[in-house]
Amino acid sequence: MQNETIPKPTPSDPQPTVTASRGPDAIPQVIGISGAALAVTFFLPWLNILGMRPSGFDLQRTNAGAVVFWILPFFAVVTAIAGFARSGTRTAAQITGLIPFAFLIYGLYDSGVDLLKLLDLGAYAAILAGIVLLVCSGRIKS
């Protein structure tokens, strides 16, 4: 057997770098998924009032002026399409991400602080999807 010496790396040798993040390429996909999730929340229960759990779809049917609820799924679908197409995602994500908060602020103004005790899964999921959309839209380069 021969005596073989293995050379030790020196500090000047370049070290390989491994990154776990997919970088900016994944952001439009996350926006697309969040937009689709936000569209689904329209059909989940938003409130829990005495055992009744109306969804956003149910709420818009109860009041003629509540057609404005359709803004949420419309913009959510537009954002999902923009995210998967990787075109116009920043603006779409910013507008769509603000809609759940606009609904929450209007509900708090109209019903009072007790509304927070009545929120259900759909409302919390919509707010979470809105946060994800707003954070991701800030990470897209202009």
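The values are calculated or read from the model by the stated rules, or taken from the named source; none is laboratory data. As the structure is a prediction and not an experimental result, all values here were calculated from the model. All Cβ positions, glycine included, derive from the backbone under ideal geometry; neighbour counts span all protein chains shown.
Screening the candidates PHE57, PHE74, PHE103 for the property of being touching a Phe, Trp or Tyr at 6+ places or on another chain (Cβ under 7 Å) and of a type in the set (Phe, Trp, Tyr) yields one hit, PHE57.
For every residue, the table says whether it meets (1) among the small types (Gly, Ala, Ser); (2) touching a helix residue (DSSP H, G or I) at 6+ places or on another chain (Cβ under 9 Å).
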{"site": "ALA102", "(1), (2)": "yes, yes"}
{"site": "TYR109", "(1), (2)": "no, no"}
{"site": "LYS117", "(1), (2)": "no, no"}
{"site": "GLY122", "(1), (2)": "yes, yes"}
{"site": "LEU128", "(1), (2)": "no, yes"}
{"site": "VAL132", "(1), (2)": "no, yes"}
{"site": "CYS136", "(1), (2)": "no, yes"}
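For the range 58-93, taking the residues that are among the polar types (S, T, N, Q) and within 25 Å of LEU121 (Cβ to Cβ), the one that is modelled with the highest pLDDT is identified as THR79. Considering the range 54-142, there are no qualifying helices (runs of 4 or more DSSP H) wholly inside with 2 or more residues that are in contact with an Asp or Glu (Cβ under 6 Å, 6 or more places away or on another chain) and farther than 14 Å from GLY32 by Cβ.
Each residue in the range 88-134 was checked for being surrounded by fewer than 18 Cβ atoms within 10 Å (Cβ to Cβ), within 11 Å of the chain's Cα centre (by Cα) and of a type outside the set (A, V, I, L, M, F, W, C), and 1 pass. Filtering the range 92-110 to residues that are within 12 Å of LEU134 (Cβ to Cβ) and either touching a strand residue (DSSP E or B) at 6+ places or on another chain (Cβ under 8 Å) or of a type in the set (Ser, Thr, Tyr) (or both) leaves only THR96.
Taking the conditions (1) crowded, with 17+ Cβ neighbours inside 10 Å; (2) touching a residue at least 60 places away in the same chain (Cβ under 8 Å); (3) of a type outside the set (Ser, Thr, Tyr) in turn, ILE140 satisfies each one other than (1).
When PHE69, PHE84, PHE42 are screened for being closer than 29 Å to PRO28 by Cα and out of contact with any Pro (no Cβ under 8 Å at 6 or more places or on another chain), only PHE69 passes. Number of residues in the range 87-124 that are within 20 Å of PRO54 (Cα to Cα), of a type in the set (Gly, Ala, Ser), out of contact with any Leu (no Cβ under 6 Å at 6 or more places or on another chain) and in contact (Cβ under 8 Å) with a residue 60 or more places away in the chain: the value is 1.
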